[in-house]
1. If I compute solvent accessible area with a 1.4 Å probe over the protein chains, what percent of it on the chain is carbon and sulfur?
2. What percent does the relative contact order of the chain come to when contacts are Cα pairs within less than 8 Å and at least six residues apart?
3. Take the Cα radius of gyration of the chain and divide it by 2.2 N^0.38 Å, with N its residue count; two decimals is plenty.
4. Hey, got the dipole for the chain? About the Cα centre, +1 on K and R Cβ, -1 on D and E Cβ, debye to the nearest 20?
5. Once you've got the GNM for the chain with C-alpha springs shorter than 10 Å, pick whichever of 15, 24, 92 has the biggest mean-square fluctuation.
6. What number results when the radius of gyration of segment 45-110, computed over Cα atoms, is divided by 2.2 N^0.38 Å?
7. Rounded to whole Hz and in sequence order, give me ³J(HN,Hα) for segment 97-112 from the Karplus expression 6.51 cos²θ - 1.76 cosθ + 1.60, θ = phi - 60°, writing x for Gly and Pro.
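The values are calculated or read from the model by the stated rules, or taken from the named source; none is laboratory data. From a predicted model like this one, the values you see are computed outputs, not experimental measurements. We place every Cβ from the backbone using ideal geometry, glycine too, and count neighbours over all the protein chains shown. Heavy atoms of the whole protein, side chains included, go into the accessibility calculation; ligands, DNA and RNA do not. Shrake-Rupley method; radii C 1.70, N 1.55, O 1.52, S 1.80 Å.
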Amino acid sequence: MQRNSSGCLAGALAAFSRFFLFFAWIARPIAFDRVFSGSWIIPCLGILFLPFTTLMYVILVTNGPGDLSGIDWLWMVLALLVDLASIGAAGAANRDRIPQGVPGAMPPPPSA
């Protein structure tokens, strides 16, 4: 069985949106204050759970009329799909690490 040993590069690529969102928050705190009305818990939850969706929301609200309308909803749905796909891909990639007997585990290899 071959093991993938891509190391830090794969981790950095997977966490790109979180890094970008975090550094955007540091670089432009006024934009985040305007978008989230001064709250810090919602951006933190966005960084943890839905980074692409949070990033897209900040970009659309700061560059638009101040709320979502029309084609903005398409971009939000696409960002949500990217977030859900990344969560699903992480689960599928780690499926072989689930112990046998737990629902969702890989079936045992056939004996030769």
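1. On the way: 5890 of 8300 Å².
Using a 1.4 Å probe with all protein chains present, the chain comes out at 71 percent carbon and sulfur.
2. Relative contact order here is 17 percent.
3. Details: Rg = 18.6 Å, N = 112, 2.2 N^0.38 = 13.2 Å.
Normalised Rg, Cα atoms only: 1.41.
4. On the way: 6 positive and 5 negative charges, 70 e Å.
Roughly 340 debye, rounded to the nearest 20.
5. The residue with the greatest mean-square fluctuation here is 92.
6. On the way: Rg = 17.5 Å, N = 66, 2.2 N^0.38 = 10.8 Å.
Expressed relative to 2.2 N^0.38 Å, the Cα Rg reads 1.62.
7. Karplus values, whole Hz, x for Gly and Pro: 8, 6, x, 4, x, 8, x, x, 6, 5, x, x, x, x, 7, 8.
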